[in-house]
Amino acid sequence: MADSSAPKPSSSVKLVLLGEAAVGKSSLVLRFVNNDFQENKEPTIGAAFLTQKCNLPTRTIKFEIWDTAGQERFASLAPMYYRNAQAALVVYDLTKPTSLIKAKHWVAELQRQASPGIVIALVGNKLDLTEDGTGSGGDAEDAGGEDSGDARKISTEEAKTYAEEEGLLFFETSAKTGFNVTEVFTAIANAIPETSLKTARGPGASHAAARTEEQRVNLNGPRDPNAKEGCAC
Amino acid sequence: MESLGDTLWDVVISGTGLQQSLLALALSRSGKKILHIDPNEFYGGSEAAFSLQDAKSWVTHASNGSCGLVKSASIALPEDATGLSPSRAYSLALAPQLIHARSAILSQLVSSRAYRQVEFLAVGSFFIFSPSRDSAEASGLTRIPSTREEVFSTTAISAKEKRLLMKFLKFVLDHESSPHLETWQEHADSPLVDFLQKEFKMGGELQTYIITLTLSLDGQINTRDGLAVIRRHLSSMGVYGPGFAAIYPKWGGLSEIAQVSCRAGAVGGAVYMLGTGIETMEIAEDEVELHLTSGDNIKTRMLVRADDSPSGQTGVGRLVAVVGSPLTSLFEATVEGAPRPAVALIAFPAGSLSTAAGEESAYPVYLSVHSSETGECPVGQSVLYLTTLATGNVTGILERALDAFIHATSDSQAPQVLYRLQYEQLPGADTARAEGPIFTFPAPSPSLSFDDSVLEPVQEAWKKVMGEAAAEAEYMVFEDREGAMDDDVYE
Ligand SMILES: Nc1nc2c(ncn2[C@@H]2O[C@H](COP(=O)(O)OP(=O)(O)O)[C@@H](O)[C@H]2O)c(=O)[nH]1
Ligand SMILES: [Mg+2]
């Protein structure tokens, strides 16, 4: 507010990743945050926390990303992550049918337990392993999904229909090539209703989104008006 | 995946209340093998925060006597109340304690980097409720001046009282050095009110202001503790910004800190299991064998748990109410440039309330009002947390306080009470116990502002788990994990 070049309103959005082991959750985050990919990644232990900004035309969204892992056997971790989350990325591996079943289970749990109004994106990952996803062309509509030599086991149609029924965003991605990864996060950022970004909606609160940050108390040193806008903590 | 029984655990932590969770945070970079379990299906133990649905099952649970330190829990929904939002729009805190800026827990959250995942909000003004003395005078709320500026500008007290109050505030800031030290030391163990009377010639009203700042549950805090608490309040003022001394974690107070700590534990590799308790145990010299309710049999070098057997002393009565009004006038920043507060505190001094049957409130009642900014209720509503010592007709007194508050805040139509949760919190052991491979945390503190003494047993337990490797200077001091850095400086 002190700046003449008024910064865009900025809000934090808590996002949680859920899905069966090895579908590529951590790889999607790594691609989004560092634009990097590792072929035989060490599995995440427990869970990791990362942040990344997403610039929209009218506002900036800072994603606080919680990547869960390793403990699918003890479903106990998840509630801690999706508590107060405004967005969830439920990931399956489109070469592995069981992973979609697991994804549906997560969607149901989120709908039952998470914040009302949570934005959920269903993401079919490892598109590069399919005919239509390889290399340059994403336009091979006729690849269909049942072709031999194609590792795809879950058709776009099947997952898409399910996503529509449940009101989920839907994408097929490749963390390996980077295809559609940023798009997922941008779509989520756009789908977060402006109202859930600003808990402050007192009468006449015109810059309500920016106000959210203004109300936070910064524990990290003196309150510098510039740092205040950018730092969520 | 290997089974739980195949591992010799370094520590099993039972319960996810604040202390156990802080221990998980403290151990999160230790490389120790940690199994963290909780018999409840939720995180946070005695410091949990609940949706309405969660609260309902907790009450059912508590009435079966299965929450050791809670009794007489009940929920009341007024028949004619509409406008209660869906269950998950609420996050009602069992431990809505405010945290003074100078509290050591904040330094630990900062040095451990866990603070990055907690949103803190400002705690605003403290008010005092004054009942109407006759029918012509309305009951009302008076803001307590607690800074030099506020003392100057207040119209609530006379010029003479201002001078007295100012003199006292100066005294407190310097009370640990000569000559002030000598002035109060002979009164150290007698009530602060007596000291105020004798040394400062303060009358009832100013005494009430000062006792309220201490948040003393029985109003009888002694001079030593009272001066220390007021000093903490004064020196906390302005630390994190102008106009406020204390802060509150969004989404349910200490519950949020417990959860953030558990997440840090999970990121560090600890295994988490909810809905899993300890059925029986066999203790050997340096190992414990646990039979878990999940059917697993496991071995651990140490077990850390919390005490949950009542001590038989006076408990604390609590009433949590949701009202259908934003109560905007309570949440105004009083200083230029201050963040808008999300919490306001109201004290009903002893004797200021009486029940229909004519019973007077023997102890102060404290009311912490939370705006929807706390994430504990939807916009347009507020959550009220009332606390008083559980003596006499505690339910009646709390109801009276709620009623009196509602009528004192509204000039037009009184806001509607949409929901009520009542319970009594029982005190348990007040010190930690270390017995061989078992460490037991004390029962949670009923105090209204976070008490740093809660942190000591956590560090003690950490020392036991770490053994030789414990380096005090590194306690809770961590680097940011990769990717968690604040990379976002505006271009
Ligand atoms: N071909 C291909 N492999 C991927 C993709 N995403 C992840 N992987 C690989 O799948 C394995 C599991 O990935 P990881 O991100 O650890 O999965 P997580 O357990 O869900 O976090 C790793 O060997 C990755 O290299 C992708 O889009 N395409
Ligand atoms: Mg992973």
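A few points about this structure:
- Meets criteria (under 23 Å from residue B:233 (Cβ atoms) and not in a strand (DSSP E or B)) for residue B:454: yes
- Flag if residue B:292 is among the hydrophobic types (A, V, I, L, M, F, W, C) and within 10 Å of another protein chain (Cβ to nearest Cβ): no
- Scanning segment B:104-120 for residues that are within 28 Å of residue B:322 (Cβ to Cβ) and more than 9 Å from chain A (Cβ to nearest Cβ) yields a single hit, B:105.
- Check on residue B:265, away from chain A (no Cβ under 12 Å) and of a type in the set (Gly, Ala, Ser): no
- Failed condition for residue A:30, given (1) more than 13 Å from chain B (Cβ to nearest Cβ); (2) within 12 Å of ligand 2 (Cβ to nearest atom); (3) at pLDDT 90 or above: (1)
- Any hit, segment B:243-261, residues being touching a Leu at 6+ places or on another chain (Cβ under 8 Å), at the interface with chain A (Cβ under 8 Å from one of its Cβ atoms), assigned to a strand (DSSP E or B) and surrounded by 17 or more Cβ atoms within 10 Å (Cβ to Cβ): yes
- Qualifying residue in segment B:437-446 (condition: away from chain A (no Cβ under 14 Å), out of contact with any strand residue (DSSP E or B) (no Cβ under 7 Å at 6 or more places or on another chain) and not in a loop (DSSP other than H, G, I, E, B)): no
- Of residues in segment B:184-215 being in contact with a His (Cβ under 8 Å, 6 or more places away or on another chain) and over 19 Å from residue B:145 (Cα atoms), the one surrounded by the most Cβ atoms within 10 Å (Cβ to Cβ): B:195
- Answer residue from segment B:395-430, given it is in a loop (DSSP other than H, G, I, E, B) and free of Cβ contacts under 8 Å to residues at least 24 places away in the same chain and is nearest to residue B:384 (Cα to Cα) among those: B:414
- Set side by side, the residues A:165, A:141, A:183 differ, and just one is at pLDDT below 50, exposed (fewer than 14 other Cβ atoms within 10 Å of the Cβ) and more than 14 Å from chain B (Cβ to nearest Cβ), which is A:141.
The values are calculated or read from the model by the stated rules, or taken from the named source; none is laboratory data. Keep in mind the model is a prediction, meaning the values are calculated, not measured. Neighbour counts run over all protein chains shown; Cβ positions are idealised from the backbone, glycine included.
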